[in-house]
1. Could you tell me which GluC sites (Glu not before Pro) in region 188-230 are loop residues by DSSP with no more than 15 other beta carbons within 10 angstrom of their beta carbon?
2. At 20 °C and a viscosity of 1.002 mPa s, what translational diffusion coefficient does Stokes-Einstein give for the chain, taking Rh as the Kirkwood radius over Cα pairs? Give it in µm²/s as a whole number.
3. Let's see if you can work this out: charge +1 on each Lys and Arg Cβ, -1 on each Asp and Glu Cβ, no other charges. What is the dipole magnitude of region 7-251 about its Cα centre, in debye to the nearest 20?
4. Which net charge results when you count Lys and Arg as +1 and Asp and Glu as -1 among the other residues whose beta-carbon is under 13 Å from that of PRO31?
5. Can you pull the percent of Cα pairs in region 180-226 with separation above 13 Å?
6. If I build a Gaussian network model for the chain, linking alpha-carbon pairs within less than 10 angstrom, which residue out of PHE58, PHE37, PHE26 has the largest mean-square fluctuation?
7. Whole number please: convex hull volume per residue, Cα atoms of region 1-118, in Å³.
8. With springs only between Cα atoms under 10 Å, which of THR109, THR173, THR13 fluctuates most in a Gaussian network model of the chain?
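Here, each number is a calculation from the coordinates, and none is a lab measurement. Keep in mind the model is a prediction, meaning the values are calculated, not measured. Reconstructed Cβ throughout: ideal geometry from the backbone, glycine too, with neighbour counts over all protein chains shown.
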Amino acid sequence: MRVRPGIEVVSLTDVGCQRENNEDNFVYWEPDDDADFARLGRLAVIADGMGGTEGGQFASQIAVDTVKQHYATGGGGDPQQELLEAFRLANSAVQEKARQDARLRGMGTTLTAAAIVGSQLCFAHVGDSRLYLFRKGSLRALTRDHSLVARLVESGVIRAQEADSHPQRHVLTAAIGVTDAMEPDIPAEPVQLESSDVMLNCTDGLWGQMSEAEIAQTLSSHSTDNAAKALVQLAKDHGGPDNITLQILKIS
């Protein structure tokens, strides 16, 4: 994996403490050609599959591969629009694979992709994986969860404090491969990045096992590589019931 100067990148995945198979997938990609790099920048993608062990693995791998392939070989236009089109293609590809193989029917996946072009961050998101921005000691989620519990919190039916223990906290309201009517969340405009900004792209196997304060503390007190290892270990220390996958990208 080629990583040009200007960023530190660490990707890490772990099966967790209770699963036998890892249904998460991820990729980090940069173009080899410098002119392409100037247009497309850096791409980080993460996916958390669902629909049974085999189906989840297929769905997340197809989604990650499709986004990377389209972003790398598409029209090379506006990065945000290329991500949108890549998500639509990923949705169709997962659905088509499920139609071809009855064993895979009902599979789907979360999908969160971030493109850093120059000093701007574009992203697209479906599901309950999360993209965080850690800046000057403060952590904030750039994505919102597409989950039943998140919808209940937004509508005022339950309090945010009740979400972590809600019995339906893992029920998604949107995922790749489930329906034709899939519309990713995107930012109103690219996020302007600053020196020392850290992006954390992670599945719910990570963020669901710790508080945002614990994430922020870990990111602030460790090097990039050690922070990734420490976060995975923290999720496992808290039970690790799900696969754990993360990508840390630090502007250097």
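1. Values: sites: GLU194, GLU212, GLU214; in loops: GLU194.
Hits after loop and neighbour filter: GLU194.
2. Translational D for this selection: 118 µm²/s.
3. Working: 20 positive and 35 negative charges, 88 e Å.
Roughly 420 debye, rounded to the nearest 20.
4. Numbers: positive: ARG2, ARG4, ARG39, ARG42, LYS68; negative: GLU30, ASP32, ASP33, ASP34, ASP36, GLU82.
Computed value for this residue: -1.
5. Within region 180-226, distances greater than 13 Å cover 72 percent of Cα pairs.
6. Maximum among the listed residues: PHE37.
7. Numbers: hull volume 11.9 nm³, N = 118.
Taking the convex hull of the Cα positions in region 1-118, it is 101 Å³ per residue.
8. THR173
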